[in-house]
Amino acid sequence: MKDYLKAILSGLLLAFAFPKFNLEFLAWFALVPLLFAIYTGSARRALKLGFVTGLVFYFITLSWVINTLVNYGNIPMVVSWLILSLLVAYLSLYLGLFAYLINRFSKGHPVNIFLLAPVTWTALEYLRSTHSIYGFSWQGLGYSQFQSLPVIQMASITGVYGITALIVLVNAGLFVLIHPAFGKYPAWQNFRKRIAVSTLLFLLACVGYGKWTLSQVPVYGIPPVQVALIQGNIPQELKWNPAYRNEVLDRYRNLSFKAAVFKPDLMVWPEAVTPFFFGRDASGTEYVIDTVRQTQTPLVLGSPALKENKPALNKSTPQLYNSAYFLSPQGAKLGRYDKIHLVPFGEFVPFRSILFFIDKMVANIGDFERGDEAKLFQLGDHGFAVSICFEIIFPDLVRQPVKQGASYLVNITNDAWFGRSAASYQHMSMVAMRAVENRVPIVRAANTGISGSVDAYGRIIEATEIFKEDWIIARIHPQTAEPGFYSSYGDIFSQVCLVLLPVFAFIGSRSRPPETFGWG
């Protein structure tokens, strides 16, 4: 029973390290109780303990899913809890597998634990986060440190997964340092000292690199780009109600006129802001174009889009996309980006032939199709790219346009689904990490917030309150240097961890039990 209490404690410490609690220091020792719990006993028991840690962690930090399903998916409370439980159970399996592998292959040896723990956790987190359709990067361990600026600067090399690995390495080092079992044998005492020194050196090196990076004051030879971010705060239940169509459009028009007084270089409206198909609905489209002409400001806006597809027999099949349009100051369409990574059950129903009785949360229209390429838009001397909502949580997807030359990024989203929960703050923490990874600023327009900007070092410069009608002028300095290491090469660090995992597991499996050494 004591070991299960330790597992629960680890889950609680992990949960409180994330927004909105933001006690990020807890992450640095949150896994120590779990490591104590799984050090002895069978690997199967370790799997259960890790699973319990995951249950506590994810039930707390993903509790906002209930609000989304009940209030916007019209799913009964009992069924919503069942869906959340399935999601939490799936994610908790990764923590269970982490605990299983550490127990199974470390053989209780301090060096094996120290080497296996960060590699195993990072490899598993990478695997669950990267599937092109079903990947789920939410609440990756590294995101807990988004406010610890010196710590997260290494993400420009390793991605967020390097932050994850560092946190787990420190946890493993602390565990080896304080567990009494490692004081039983003289040789292990030496291992423990070396591990403690190595842990401290790794931590100091990473933080030192971060502090040095932050101390390098950039010299900007050109004026900043001014971006007007418009937050209309349209309740989700009214967005697609025809009776409120004019009110929605008028609100964005009026806010845009207020922001246009400051002569921004670009204006951004949120995801799916138009309660119609832009380009198909003549009166609605003309209203938006007229607004753009009067503000004389280029506009990025989100809207559902239809595309005709003629696969065979000359039959036209419309395909639906969640899109972002880029309009010139004269209202001409300069480009369109179609969302690539869709939200399961939000924008499409996976395995629809089996789950025929479930509908997606974006009502009144059919399943969305996936876009097929990142788009680079040009504004003046700078290229920029747009990501839509959920896409910002996927490191490899976001880096692609930066690799192609984007100098800054625009994220449009509708976080009204989350209600007044921690989800909007969790979402923003991932925006900050994408900025650091790619060393480019990011501006973000959200229907109900959080709208704001993040500089290339992860500092959140402006941020609106949630569920408030608002607008802000973000002043950003686009990146003029060549794409950095992570933008250019992606998740090499995580892939190295994938390779090292079986290597370290094999080495650990060959270790002898401590009592056979004859030490002590």
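The values are calculated or read from the model by the stated rules, or taken from the named source; none is laboratory data. Because the structure is a prediction, the values reported are computed rather than measured. Ideal geometry is used to build each Cβ from the backbone, glycine not excepted, and the neighbour counts take in all protein chains shown.
Miscellaneous remarks
- Residue match in region 99-106 (condition: basic (Lys, Arg) and in a helix (DSSP H, G or I)): yes
- Odd one out for residue 234 among (1) part of a helix (DSSP H, G or I); (2) more than 23 Å from residue 461 (Cβ to Cβ); (3) β-branched (Val, Ile, Thr): (1)
- Cβ-Cβ under 7 Å pairs, at least 6 apart or on other chains, region 447-476 side in contact (Cβ under 8 Å) with a residue 24 or more places away in the chain and part of a strand (DSSP E or B), far side among the basic types (Lys, Arg) and surrounded by fewer than 20 Cβ atoms within 10 Å (Cβ to Cβ): 471/258
Conditions tested, residue by residue: (1) of a type in the set (A, V, I, L, M); (2) closer than 24 Å to residue 398 by Cα; (3) under 18 Å from the mean Cα position of the chain (by Cα).
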site	(1), (2), (3)
93	yes, no, no
96	no, no, no
103	no, no, no
107	no, no, no
111	yes, no, no
116	yes, no, no
120	no, no, no
124	yes, yes, yes
130	no, yes, yes
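- Of all residues making up region 101-136, the number that are polar (S, T, N, Q) and buried (at least 24 other Cβ atoms within 10 Å of the Cβ): 4
- Among residues of region 409-422 that are within 13 Å of residue 447 (Cα to Cα), those with a Cβ under 7 angstrom from a residue that is in a loop (DSSP other than H, G, I, E, B) and small (Gly, Ala, Ser), sequence gap 6+ or separate chain, pair up as 414/272; 415/449.
- Tally of residues being closer than 29 Å to residue 226 by Cβ and either among the aromatic types (Phe, Trp, Tyr) or at pLDDT below 90 (or both) across region 290-329: 2
- Residue within region 63-73 that is out of contact with any His (no Cβ under 7 Å at 6 or more places or on another chain), under 17 Å from residue 139 (Cβ atoms), surrounded by fewer than 21 Cβ atoms within 10 Å (Cβ to Cβ) and hydrophobic (A, V, I, L, M, F, W, C) present: yes
- Residue ID - surrounded by the most Cβ atoms within 10 Å (Cβ to Cβ), chosen from residues in region 74-100 that are among the polar types (S, T, N, Q) and out of contact with any helix residue (DSSP H, G or I) (no Cβ under 7 Å at 6 or more places or on another chain): 85
- Taking the criterion of being surrounded by fewer than 15 Cβ atoms within 10 Å (Cβ to Cβ) and in contact (Cβ under 8 Å) with a residue 12 or more places away in the chain, the residues of region 477-491 that qualify are 480, 481, 488.
- Residue list for region 237-272, restricted to those being of a type in the set (Val, Ile, Thr) and either at pLDDT below 95 or under 15 Å from residue 329 (Cβ atoms) (or both): 248, 268
- Complete set of residues in region 427-446 that are part of a strand (DSSP E or B) and of a type outside the set (Val, Ile, Thr): 444, 445, 446
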